[in-house]
Amino acid sequence: MAKKEQNEFDIARKKRRKKIAAQRNRKFIGAVLVLALLFGTIYLFITEDIAGIIGDRIASSSAGSEGLPVDLSGMTVKDTFSAGEHIGVMTDAVYYLFAENGKQLLSAQHGFANPVVESAGRKFLIYDQGGNKLVVRMRDKILFEKEFEYKIINADLSADGLLSVVTSAQRYASQLHVFDENYEEEIFTWSASSEYIVCASADKNSKTVAAAALSANDSGEMVTTVHVFTTEAAVELAKREFKGASVLSLEYDNNGDVKIICDSIAAVMDKSGNVLGSRIYNSVPASAINVSGKSGAVIIFDRFTEARAADALFLGENFEEIKNVSIGGKYVCSNGNLSKNAIYCSGTAYIFNSAGECTAKLESEQDAVFIQLGKEKLFAVTRDQLCLIEE
């Protein structure tokens, strides 16, 4: 059959139809992009708490006059912490939040006999070690308060917001409770009958919880056992013993592996109990920087010699040795976050990156009791002040 010839009217009509279809497609794609942007913005506001971050910055800029150094005379400082971009100070009676220029943003009494603080992002956890109460909050609101039936041994706030609480128990040596990031549900409970749980941490992405427990073997030797459970079915996936070792710290890294620091060994293990790497040391650590949600760790040893010094052992993702640094002076304190490590010895603070390279050396006019890394700056608490350590 011969192909029908199209006249100019048919050709123009087809062109118009194509043009209208293209316009509709563009409008549809534009509407989809707008909706995606809208839902993406809503998602970020919910998951990343953008509104809260903006509120914190407004509070920082609208608070009273700048006030560094901050007078802390007459107070017994227990610890320092960070909450987003703010610096926290825990005393024996009150906890404070300050902007990096020294403006006071929060002051609240805790009423705890032995207050301990842990922080993760903008959230921070305060609990009464040996008591029954804890609180999780941000600068502008309290997220969770609970009074446990039994005494709190240890508590941890993971990088993704899960809360782990170790308590004593009536029929068991200790119990572990894990709450979701909204604190609406206790998603996991484990009771240890013959072991004493010292510390624990949970990981949202891998849906696991790790607990380090102490016991003694038949020879009277101390043993640390790391248990790994699923939070979904409360099934034990693995356990690994570290004989002759007492646990000091336990955290998850950004791969969902467990970083365990003991007094004689440091190790990384996966959720199946496989040791990915370990490091044995002969001296007992003075401290360790073991940050939740970050690979690697720093083990610090105070070296007692004629010329007093400290050794800092920087460990990589599988706890391989990256660098061993000697720092002159008596070791006093240390602090770390996701990007930096700070070590303070005899009036001087050294800032290191994760590769063990010293990026800054800061002198303090007064001896510090605690140091705290802010977003860009380093702060110190002396016996009577919160102050900035400057280059």
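The values are calculated or read from the model by the stated rules, or taken from the named source; none is laboratory data. Since the structure is predicted, the reported quantities are computational estimates derived from the model, not experimental observations. Because the Cβ atoms are built from the backbone with ideal geometry, glycine has one as well, and the counts that use them run over all protein chains shown. Heavy atoms of the whole protein, side chains included, go into the accessibility calculation; ligands, DNA and RNA do not. Shrake-Rupley method; radii C 1.70, N 1.55, O 1.52, S 1.80 Å.
Observations, loosely collected:
- Across the range 147-182, the qualifying residues are those that are in contact (Cβ under 8 Å) with a residue 24 or more places away in the chain and of a type in the set (D, E, K, R), and the one among them that is farthest from ALA216 (Cα to Cα) is ASP160.
- Test: residue in the range 138-145 that is surrounded by 20 or more Cβ atoms within 10 Å (Cβ to Cβ), under 21 Å from the mean Cα position of the chain (by Cα), modelled with pLDDT of 95 or more and not in a loop (DSSP other than H, G, I, E, B): no
- So ASP367, is it within 30 Å of TYR96 (Cα to Cα), out of contact with any His (no Cβ under 9 Å at 6 or more places or on another chain) and either among the acidic types (Asp, Glu) or without any contact (Cβ under 8 Å) to a residue 12 or more places away in the chain (or both): yes
- Looking at ALA192, ALA213, just one residue is farther than 21 Å from VAL136 by Cβ and crowded, with 22+ Cβ neighbours inside 10 Å, and that residue is ALA213.
- Boolean, PHE112 is crowded, with 21+ Cβ neighbours inside 10 Å and without any contact (Cβ under 8 Å) to a residue 24 or more places away in the chain: yes
- Out of GLU321, GLU363, GLU317, GLU357, sole residue that is at pLDDT 95 or above, touching a Ser or Thr at 6+ places or on another chain (Cβ under 7 Å) and among the charged types (D, E, K, R): GLU317
- Unique residue being at pLDDT below 95 and either buried (at least 22 other Cβ atoms within 10 Å of the Cβ) or not hydrophobic (A, V, I, L, M, F, W, C) (or both) when the list is ASN205, ASN274: ASN205
- Per-region count, the range 146-167, residues open to solvent by 20 Å² or more (accessible area, probe 1.4 Å), at pLDDT 95 or above and either of a type in the set (Phe, Trp, Tyr) or part of a loop (DSSP other than H, G, I, E, B) (or both): 3
- If you go through the range 230-255 and keep only what is open to solvent by 10 Å² or more (accessible area, probe 1.4 Å), within 21 Å of the chain's Cα centre (by Cα) and either within 20 Å of GLU118 (Cβ to Cβ) or hydrophobic (A, V, I, L, M, F, W, C) (or both), you end up with THR231, VAL247, LEU248, SER249, GLU251, ASN254.
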